[in-house]
1. In cubic angstrom, how much convex hull volume per residue do the alpha carbon atoms of the chain span?
2. Return the inverse of the average 1/r over all pairs of distinct C-alpha atoms in the range 51-185, which is the Kirkwood hydrodynamic radius, in Å to one decimal.
3. Give the aspartates and glutamates reachable from Lys84 as a straight Cα distance under 15 Å; neighbours fewer than 8 places away on the same chain don't count.
4. Can you find, among Leu30, Leu12, Gly46, the residue farthest towards the positive end of the dipole of the range 1-48? Put +1 on the C-beta of Lys and Arg, -1 on that of Asp and Glu.
5. Only Cα pairs under 8 Å and at least 6 apart count here; give the relative contact order of the range 57-104 as a rounded whole percent.
6. Using only alpha carbon pairs under 8 Å that are at least six residues apart, calculate the relative contact order of the chain and give it in whole percent.
7. Can you work out the base-10 log of I(q)/I(0) for the range 1-120 at q = 0.23 1/Å, using the Debye formula on its C-alpha atoms alone?
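All of the numbers you see were taken from the coordinates with simple rules; none came from a lab. Here the structure is a predicted model, which means the values were calculated and not measured. All Cβ positions, glycine included, derive from the backbone under ideal geometry; neighbour counts span all protein chains shown.
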Amino acid sequence: ILSDKTLPDNPLRLNAGLKKLRDAIKSAPLNKALLEAVYARMKAGGSLYNNYRFRSSTNAEDVKGFNGAGLYDSKTGSLTDPEKPVEKAIKTVWASLWDERAFAERQYFKIDQGSVAMGILAHRAFGEELANGVAVTKHLYRNNYPAYTFNAQVGEISVVTPPEGVNCDEGIIALGRASGSHKVTVEYISRSNLSKDKTVLTDTQVELLAKYLTAIKEHFYYNVERGSGRNETGLINFGMDVEFKIDALTGKLYIKQAR
């Protein structure tokens, strides 16, 4: 595919080639030793956890000038559910590296397609989601202002790639200080059309989210221009991309990943 220089100008042929590649990855046998090692690690958690989430993690995202959010697939593999085999989950994640949209995005941003690779982070799967969302530990629409930006949606409906016609809550969490030591206030920019007459997150959940975001921000903050140096303005404008969820069974707020 990469050696045929005419393919980028022929979307039909390119997409057909990418599909053939994905199908080949999914149908190829997985290395037996790898699969056995994955099963052994999953079973080490005991009988408490049967389902594990296999999350995509490539070297072609979260790089300067290109974040790649939502381009790749994550899948659930199960020790007990025959409809969710671990091998299928792993290969589906690997194959998503060659999804048409992912390929096109990398091509547009001039990322060397021959250099990309897919890794997988595996962790226990959580239960049904009451709500899910994405937050950035900075004000996306105003510099030098201590605030966080978040999007939230009911259930497990994606805020990154939502179904057509579906909107989510988008809000700005204003902080009294960059440390978030004062009570927060929220300004909503848009509202979910699936949550009826109330916000997706309660005020208490928003306050807890703000505390978590502050902890994440301060832990990972670094000043690119000055090495390990810290300054108030740099901290305010430092944005971590954080995914979160509200567990439907317990009502707990979980941080799914931060980058």
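1. Working: hull volume 45.0 nm³, N = 259.
In the chain, the Cα convex hull volume per residue is 174 Å³.
2. On the way: mean 1/r = 0.0578 Å⁻¹.
About 17.3 Å, per the Kirkwood formula over Cα pairs.
3. Candidates past the 8-residue exclusion: Asp73.
4. Of Leu30, Leu12, Gly46, it is Gly46.
5. Computed over the range 57-104, the figure is 30 percent.
6. Numbers: 444 pairs, mean separation 40.4, N = 259.
Relative contact order for the chain comes out at 16 percent.
7. -1.31
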